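First up is the structure itself, then whatever we jot down about it.
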Amino acid sequence: MSGRLHNFYKSLISEPPAGYRIISKDNYVLRGVRNESLERKFDSAMYYFGRTKIPVKVLKSLASAFTRGPPDSDLVMTSGFINLRNEEWLVWIEDALSSLQGTAIDNKLVHGFIESKLASETCKGILCFNDATRISLLSTYHSGDFKNKIKIVPPSVSLVSRFERPREKKQIDIVFIGSTQFTSTIQFFLRGGHIVVKSFLALAKEFSNIRLWIRCTTPTEYIMALRGEKRIAILGTLDRNSFAALLRDADIFVLPTITTPWTSFLDAMNYGLPIVTVGTHANSEYVENGKSGIVAAVPSALSSITHNYCIPNWNTMHRVLHTWFEDEELVTETKNALRTLIRDADLRNELGREGRRNIEAGGKFSIGRRNQVLKQVLDSALIR
């Protein structure tokens, strides 16, 4: 397993499918020796090329030819980039562009390279977390030679211990979680932070017992504007215990995100939280409307986002995002969903319990279910 590790992969390493051992390896190891200076320079180069819209994951793929894989391994997994070493490998795809190209705007000049490598005999599988990504992959590339290699492996998180929420709690805590890993504030908007803030400020006029927790890299203008709002707290990076405490004490999880995060929804389900989101990309594959949360309809002005399971024409992304940033219908939908859950404690508990069942043994996002599917993929890939 090479690449910088997301929590999903850490879980995969600690709890692999039966009969398998998964080894983590830094993909900037040259000739078997870690070179930190090389790593820093490579990261700086990736950042520069990323800003110039050069497909950084393709460059990362080329760099793999100069690294050495783990000794005595039977199969190599990569996180979203092509492996050019002469060995059998699988690739995890988060979406059609950021995983394989590393840019938000499609560079068709590299399609041939990507398509040929995915179709090669050494590529034993293309793993997606959801069907929306599979369809986006098929619609972006000429996939005839590798279509049958695509497999959907559901994401999962390790189950936390069951706990009881205070029954007489008067304060209703709403949590919005975006990324704190990036210095850029674009994730605040992509995850729908602007929608959440507008919705909450309107609802705060109706309800005196609600509070909003924002854990995300937040734009300075929002930090300044919300400084006097005593019922809104903006948090930075949290350690594992603090993050767990935030979710354990919360009552509602809101994430009207334009893209589908790997495990954020599953984290909320793990702690029995009802979820409010919007039906873009694969969100409705994770959150079932009326069962584990409320999925707001995609406004008509943004319907093109759902037709190709993300952005229909990648080169018009900025125009689509401008609509996303300004659409008031989505604010209204989110506000109405939150209002419903604020008023109805029984519904909050019912949706939260159903979400929790998805993570428990036998659930569709349980470790056992993930390992069952992944084992089938690995067994098939290793048939000689």
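The values are calculated or read from the model by the stated rules, or taken from the named source; none is laboratory data. Keep in mind that what you see is a predicted model, and the values were worked out from it rather than measured. Note that each Cβ is placed from the backbone with ideal geometry, even for glycine, and that neighbours are counted across all protein chains shown.
The table below gives the values:
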item: Test: Leu226 is touching a Lys or Arg at 6+ places or on another chain (Cβ under 6 Å), surrounded by 15 or more Cβ atoms within 10 Å (Cβ to Cβ) and more than 18 Å from Leu341 (Cα to Cα); result: no
item: Cross-chain or 6+ apart pairs with Cβ under 6 Å, the stretch 339-359 first and over 9 Å from Asn270 (Cα atoms) and of a type in the set (D, E, K, R), then outside any helix (DSSP H, G or I) and at pLDDT 95 or above; result: Arg348/Pro274; Glu354/Lys291; Glu354/Ser292
item: Qualifying residue in the stretch 330-349 (condition: within 19 Å of the chain's Cα centre (by Cα) and modelled with pLDDT under 95); result: no
item: Residues of the stretch 205-218 classified as within 21 Å of the chain's Cα centre (by Cα) and either over 27 Å from Leu159 (Cα atoms) or not charged (D, E, K, R) (or both), total; result: 5
item: Ile294 on the phi < 0 side of the Ramachandran plot and at pLDDT 90 or above; result: yes
item: The one condition in (1) out of contact with any Ser or Thr (no Cβ under 7 Å at 6 or more places or on another chain); (2) surrounded by 13 or more Cβ atoms within 10 Å (Cβ to Cβ) that Ser179 fails to fulfil; result: (1)
item: Pair list, Cβ < 8 Å and 6+ apart or interchain, from the stretch 94-112 residues that are on the phi > 0 side of the Ramachandran plot to residues that are among the aliphatic types (A, V, I, L, M) and outside any loop (DSSP other than H, G, I, E, B); result: Gly102/Met46; Gly102/Val56; Gly102/Val58; Gly102/Leu59
item: Among the candidates Ser44, Ser61, residue that is in a helix (DSSP H, G or I) and either surrounded by 13 or more Cβ atoms within 10 Å (Cβ to Cβ) or at pLDDT 85 or above (or both); result: Ser61
item: Filter result (of a type outside the set (Asp, Glu) and either within 19 Å of Ile13 (Cβ to Cβ) or surrounded by fewer than 20 Cβ atoms within 10 Å (Cβ to Cβ) (or both)) within the stretch 343-358; result: Arg343, Ala345, Leu347, Asn349, Arg353, Arg357
item: Selected residue (criterion: modelled with the lowest pLDDT) from residues of the stretch 74-122 that are polar (S, T, N, Q), more than 24 Å from Pro154 (Cα to Cα) and in a loop (DSSP other than H, G, I, E, B); result: Thr103
item: Some residue of the stretch 146-159 being outside the structural domain of Asp249 (by TED's automatic domain parsing), in a loop (DSSP other than H, G, I, E, B), at pLDDT 85 or above and touching a His at 6+ places or on another chain (Cβ under 8 Å); result: no
item: Within the stretch 183-209, considering residues that are polar (S, T, N, Q) and buried (at least 16 other Cβ atoms within 10 Å of the Cβ), the one modelled with the highest pLDDT; result: Ser199
item: Residue within the stretch 126-139 that is of a type in the set (D, E, K, R) and in the same structural domain as Ala96 (by TED's automatic domain parsing) present; result: yes
item: Residue that is surrounded by the fewest Cβ atoms within 10 Å (Cβ to Cβ), among those in the stretch 362-373 that are at pLDDT 95 or above and more than 10 Å from Ser156 (Cα to Cα); result: Gln372
